[in-house]
1. Could you work out how far helix 127-137 tilts from the main Cα principal axis of the chain, as a 0 to 90 degree angle to the nearest 10?
2. I'd like the carbon and sulfur percentage of the solvent accessible area for the chain, probe radius 1.4 Å, heavy atoms only, ligands and nucleic acids excluded.
3. Rounded to two decimals, what is the ratio between the C-alpha radius of gyration of the stretch 135-178 and 2.2 N^0.38 Å?
4. Using a 1.4 angstrom probe and counting only protein chains, how large is the accessible area of K15 in Å², to 10?
5. Beyond 30 Å, what percent of the Cα pairs of the chain remain?
6. Kindly state, as a whole number, the per residue volume in cubic angstrom of the convex hull around the alpha carbon atoms of the stretch 45-132.
7. So what is the accessible area of the stretch 11-124 per residue, in Å², with the probe set to 1.4 Å?
8. Top to bottom by accessible area (1.4 Å), largest first, where do E76, E195 land?
Amino acid sequence: MRPLSASELLNAWEKSLSEPPSTRALALLSAACSDVAPQALARLSIGQRDARLLTLREWAFGAQLDSVANCPNCGEQLEWTLDAAELRTAPQAEPVGELSLDVDEYHVRFRLPDSLDVAAVADFKDLISARRALFERCILAASRNGQQITAAELPEFVREALVKQMSQADPQADTRLDLTCPACSHCWQPVFDIESFFWSEINAWARRLLQEVHTLANAYGWR
């Protein structure tokens with residue numbers, strides 16, 4: 001992976017304007033990883049993808065990230081600055097194709113979610129249904145006392161254990177911030193989504209750049 005030039009970043013932004021978030025992320029990575037097949041990038045786990053996006057963002061705009069959040073308790077707006085190093089988990093190995101879990105009489109083989117899985121549930125209107133579909137896409141096989149069962153038949157305690165193991169295997173996919181409201185002292189842990197954060201920065205930068213070019217063109221009578 002290499003840093004993107006301003007023209008490459010602008011080109012990736014322009015091509016991805018009408019695309020869903022997961023496709024935008026892959027477009028950015030594809031531009032920076034020309035030696036990697038797009039399908040291979042799409043099959044990166046969400047954490048591995050986000051780790052690359054964080055590095056790409058650091059190369060593009062620097063290590064500091066200016067952040068804003070509203071307190072869910074009183075609505076107070078918080079502003080603070082993060083360093084990219086604070087968001088980066090320990091380096092991960094290359095993608096693991098298959099993982100397994102044994103809980104009581106249940107045995108489950110599964111994989112980590114990737115960008116294709118996220119894209120597949122992007123149009124779901126119901127968050128609960130989307131999470132269920134995403135979860136079931138990642139189940140390769142499941143059995144109870146040696147008898148094959150479907151992912152939908154797994155009880156809640158097995159699902160919770162699976163989600164926990166997925167999070168441990170792919171920690172960059174669930175980056176949380178520890179925030180405390182200065183107004184009401186409420187504490188919460190919002191998820192930091194590098195995908196949407198980086199894209200919002202690119203969008204603001206690109207529109208500002210185009211406006212500056214437009215102003216110069218008008219001033220000098222350029223076509």
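The values are calculated or read from the model by the stated rules, or taken from the named source; none is laboratory data. What you see is a predicted model; the values in this text were computed from it and never measured. With ligands, DNA and RNA removed, areas are computed over all heavy atoms of the protein, side chains included. Shrake-Rupley method; radii C 1.70, N 1.55, O 1.52, S 1.80 Å.
1. Compared with the principal axis, the helix lies near 70 degrees.
2. Values: 6650 of 12980 Å².
Carbon with sulfur: 51 percent of the solvent-accessible area.
3. Working: Rg = 12.7 Å, N = 44, 2.2 N^0.38 = 9.3 Å.
Taking N as the residue count of the stretch 135-178, the ratio is 1.37.
4. 140
5. Details: 9057 of 24753 pairs.
Summing the P(r) of the chain above 30 Å gives 37 percent of all pairs.
6. 192
7. Details: 5900 Å² over 114 residues.
Dividing the accessible area of the stretch 11-124 by its residue count gives 52 Å².
8. Values: E76 75, E195 30 Å².
Output order, biggest surface exposure first: E76, E195.
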